[in-house]
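The values are calculated or read from the model by the stated rules, or taken from the named source; none is laboratory data. Since the model is a prediction, treat every value here as computed from it, not as a measurement. Quick reminder, even Gly has a Cβ in these numbers, built from the backbone with ideal geometry, and neighbours come from all protein chains shown.
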Amino acid sequence: RAKQLGRGRLEIFRPGMEDSGNRLRLETDLSRAIERGELSLRYQPIVSLTSGQIVGFEALVRWQHPEAGWIPSDQLIAIAEETGLIIPIGLWVLQTACQQLCRWQKQFPDLQPLTVSVNVSSKQFIQTDLVAQITQVLQETDLPGNHLKLELTESLLMESESAAIAMLSQLQELGVQILMDDFGTGYSNLARMRNLPTDVVKVDKSLIQSLDAQNLAFVRGIVALAHSLSKTVVVEGIETQEQLAQLREMDCAYGQGYLFSPPVDIAQVENLLSQSPHW
Ligand code: C2E
Ligand code: CA
Ligand code: CA
Ligand code: CA
């Protein structure tokens, strides 16, 4: 059975997990996943396309269910959002990612300051005092605000634009950078790119994976517009040297994708950082 998840997105449940009983079971299990230590983070390098070096990481949540194994993260996030569990999970992700980045800064003092990007879902944005939460996490972990980036989707920012603008401005006052995620999908709106206080635009991998002439022109347009608005561009989903070359030619500043590294665990990040690779 397939479940419709918004425009054009189909989520196929894993075999053996199709019925609502199993779904309910997953919801119950997810509510205990934090305390049982079943959640973890993977970190995907973000690379400067000019220097070729790692400048930061995106934190991505993973859930290893004791019986069902790894739950696809789209499915995990969908359940978390429907049940409201995204609020405690989101806080856990934020705390864990900030703590981890602080450890890496101490462990690799010779590296340039690194940043960590954390995905924020709409419920988290609307239902919690995100500004207070982030202020507290930054204090507790002693992480300067300018080492943290928040990845928000456009649809989220659409829901209550004036409230969103006020909140984003407060976050920016903490030094936190705001990134518009999944750009180029759904109802991307160029006026919104101009009006919202965001620092970075992240071009969705769907545009890069089929970089035909049309998408190439589209991406070039997004990059040019972002630059004219003094915003930085990150392109995700870079898998081939050819894609990398095309993006470099457009003066796109940052990239992320399997060509550099998939999301990896802590030990693998430490390996990468000690080798300081460049592409
Ligand atoms: P996203 O924010 O768009 O994250 C990028 C996704 O693309 C990640 O999938 C990443 O593993 C994948 N990816 C990276 N490079 C490549 C590539 O070169 N090729 C391909 N094909 N894929 C690539 P992942 O980790 O499965 O996460 C899926 C989505 O789940 C994320 O999409 C994000 O929307 C959501 N998500 C993940 N972690 C969190 C979290 O902690 N909080 C919230 N609210 N959402 C999260
Ligand atoms: Ca993201
Ligand atoms: Ca994306
Ligand atoms: Ca996303």
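Structure summary
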quantity: Residue satisfying all of: in the range 182-205; under 23 Å from residue 241 (Cα atoms) and touching a helix residue (DSSP H, G or I) at 6+ places or on another chain (Cβ under 9 Å); nearest to ligand 1 (Cβ to nearest atom) among these; calculated: 182
quantity: Leading residue by the ranking (farthest from the chain's Cα centre (by Cα)) among those in the range 135-181 that are more than 16 Å from ligand 2 (Cβ to nearest atom) and of a type in the set (Ser, Thr, Tyr); calculated: 162
quantity: Residue within the range 166-181 that is at pLDDT below 90 and within 16 Å of ligand 4 (Cβ to nearest atom) present; calculated: no
quantity: Strands (runs of 3 or more DSSP E) completely within the range 163-279 that count 1 or more residues being within 16 Å of ligand 3 (Cβ to nearest atom) and of a type in the set (D, E, K, R); calculated: 177-183, 200-203
quantity: Set 121, 51: member being touching a residue at least 24 places away in the same chain (Cβ under 8 Å), surrounded by fewer than 16 Cβ atoms within 10 Å (Cβ to Cβ) and closer than 30 Å to residue 244 by Cα; calculated: 51
quantity: Residue, nearest to residue 117 (Cα to Cα), within the range 208-243, restricted to residues that are surrounded by 14 or more Cβ atoms within 10 Å (Cβ to Cβ) and without any contact (Cβ under 8 Å) to a residue 24 or more places away in the chain; calculated: 240
quantity: Hits in the range 186-212 - residues which are among the polar types (S, T, N, Q) and modelled with pLDDT of 85 or more; calculated: 198, 206, 209, 210
quantity: Test: residue in the range 70-93 that is of a type in the set (Asp, Glu), modelled with pLDDT of 95 or more and within 9 Å of ligand 1 (Cβ to nearest atom); calculated: no
quantity: Subset of the range 32-76 [away from ligand 2 (no atom under 16 Å from the Cβ), among the hydrophobic types (A, V, I, L, M, F, W, C) and touching a strand residue (DSSP E or B) at 6+ places or on another chain (Cβ under 6 Å)]; calculated: 33, 39, 49, 54, 63, 70, 71
quantity: Filtered residues of the range 127-158 (kept if touching a residue at least 40 places away in the same chain (Cβ under 8 Å) and charged (D, E, K, R)); calculated: 140, 142, 149, 151
quantity: Unique residue being assigned to a helix (DSSP H, G or I), of a type in the set (D, E, K, R) and either within 24 Å of residue 276 (Cα to Cα) or at pLDDT 95 or above (or both) when the list is 151, 140; calculated: 140
quantity: From 134, 89, residue being surrounded by 22 or more Cβ atoms within 10 Å (Cβ to Cβ), under 25 Å from residue 268 (Cβ atoms) and β-branched (Val, Ile, Thr); calculated: 89
quantity: Selection status of residue 53, within 9 Å of ligand 1 (Cβ to nearest atom) and of a type in the set (S, T, N, Q); calculated: no
quantity: Test result for residue 174, surrounded by fewer than 16 Cβ atoms within 10 Å (Cβ to Cβ), within 26 Å of residue 244 (Cα to Cα), more than 16 Å from ligand 1 (Cβ to nearest atom) and of a type in the set (A, V, I, L, M, F, W, C); calculated: no
